[in-house]
């Protein structure tokens, strides 16, 4: 009886193995194509995580990571006592909030407007024009912004002078910096976001719109009761991802546009870590700042996902 039971257990195991072999033989090229992606994640994302230990040490390039003295949470204690930390935290949160308030709805609104356009040619040309800025590097875009807002040659100041006013050095004025940066980010990313939402709209059943038109629903009502609910899951997923990166403001755009006169309103974690870690050579403290930012992002992702579950939109 025991032998029969063992054979019965071995049979399903053998079947599972043969199924796995069959599955891998059928989809082997898909798995081969995944190898570069896995290698990228391993080499550039997972292996560098061992460097987190630097945040808890008085790191010395001469002695190396393991030879440096262990100092525990001293770097974090100094971080929370520093005035610069609260300035950087405020700037990071404000810039991210502005990006969410003004940048997040922009592609949704634009996608709905394009979805309502009946001319296919106009829609395709508009999409191409709108997502082209996404492929412009921040180095080029920063140059465009500087030339556009230049107090001597910029077209904006030409208009201001034509109206009888003195030219304004926009990039040297702290009060204008956040508006300029967020506007540039929205302009650069709105087209790419629009493509995502237009793709989500293609999954909505056209018969729903036909039924709504037969019932006398207006365009706005169709958008409200069919289009928006149809892309709600996409909106929630992208919002959760953006909330998880709320302390991620990007390095290039801020670094290329800010200057010492705008540090108080422009300095974010990425630029602060760069100055402290690489320019000043305080690598341990820079690692502590980066670890704090990553930990906050992780907690925010968990919280946002929990909120999504409450609304019945679980992404995990």
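The values are calculated or read from the model by the stated rules, or taken from the named source; none is laboratory data. These numbers were taken from a predicted model, which means no experiment stands behind them. Cβ sites come from the backbone with ideal geometry, for glycine too, and all protein chains shown count toward neighbours.
Could you check residue 117 against (1) out of contact with any helix residue (DSSP H, G or I) (no Cβ under 8 Å at 6 or more places or on another chain); (2) part of a loop (DSSP other than H, G, I, E, B) and say which number it fails?
With (1) out of contact with any helix residue (DSSP H, G or I) (no Cβ under 8 Å at 6 or more places or on another chain); (2) part of a loop (DSSP other than H, G, I, E, B) applied to residue 117, the lone miss is (1).
Run down 271, 194 and say which single residue is within 23 Å of the chain's Cα centre (by Cα) and without any contact (Cβ under 8 Å) to a residue 40 or more places away in the chain. So that I can check it myself, show each step before the final result.
Details: 194 fails: without any contact (Cβ under 8 Å) to a residue 40 or more places away in the chain.
Result of the check over 271, 194: 271.
For a quick check of your reading: which helices (runs of 4 or more DSSP H) sit entirely within segment 23-84 and have at least 3 residues that are within 30 Å of the chain's Cα centre (by Cα) and loosely packed, with under 11 Cβ neighbours inside 10 Å?
Helices (runs of 4 or more DSSP H) meeting the threshold: 28-41.
Which one of these is out of contact with any strand residue (DSSP E or B) (no Cβ under 8 Å at 6 or more places or on another chain), buried (at least 17 other Cβ atoms within 10 Å of the Cβ), closer than 27 Å to residue 231 by Cβ and modelled with pLDDT of 85 or more: 198, 171, 181, 149?
Values: 171 fails: closer than 27 Å to residue 231 by Cβ; 181 fails: closer than 27 Å to residue 231 by Cβ; 149 fails: closer than 27 Å to residue 231 by Cβ.
The match here is 198.
Got at least one residue in segment 284-300 being surrounded by fewer than 18 Cβ atoms within 10 Å (Cβ to Cβ), out of contact with any strand residue (DSSP E or B) (no Cβ under 8 Å at 6 or more places or on another chain) and not in a helix (DSSP H, G or I)?
no
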